[in-house]
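The values are calculated or read from the model by the stated rules, or taken from the named source; none is laboratory data. Remember, predicted model here, so these are calculated numbers, not experimental data. Backbone-built Cβ (ideal geometry, glycine too); neighbour counts: all protein chains shown.
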Amino acid sequence: MPSGGTHDRITLYTLPLVAGVTLWQTGSSNLTLLVAGGFMFSGLMFGPDLDIYSRQFQRWGVLRCIWRPYQKSLRHRSVLSHGPVIGTTLRVIYLGCLLGVVAVVMVVMGEKLGLVAWTWQDLVVAVVRSLLVYTTEYGALFLGLELGAMSHSVSDWGSSAYKQVKKQGVRGLLPSGKVRKGKRK
């Protein structure tokens, strides 16, 4: 499995490719910024290795405590943390729920103290409206997050496959239950 530094280099070296392809395909600098920013954020701070004590985890600084329940709930390299689409989706939902709770608490406190005229219902309406109006932008951001996570997972899988082939030959790539030895005559 590649080290944290190797994962960082993969992210930083492939960032221009991701940005270039996105700009070429969309013709939009705004969407390119969202995809590239999501890619870099996911590759450096929001990727699959948040399920262990990793560089990604450490980069959250004092806020890394928010990832402890996530770590305790998931086995490292499980489909829920490293799986295509589902890993990123789960992390987005997890962080979104945490941010939602913090936002509601802050709005309620601000409302009680007379500092804001918003209610938590106004906050929910604003978030839903934003999701509906900016669907393309949220999609571009999610694509960047997923590409960053996949660059990580693919390098993990490739490294593991290489080690298996080196150790056992091509048979190392087959599931252990599928390997059949030749019959003796």
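Criterion applied to G177, G172 was being over 29 Å from L50 (Cα atoms) and at pLDDT below 85, and the one residue passing it is G177. Against the conditions (1) assigned to a helix (DSSP H, G or I); (2) free of Cβ contacts under 8 Å to residues at least 24 places away in the same chain, Y53 satisfies every one except (1).
Residues that are under 19 Å from L50 (Cα atoms): list the helices (runs of 4 or more DSSP H) wholly contained in the stretch 79-161 that include at least 3 such residues. Per the criteria, 79-82, 86-112.
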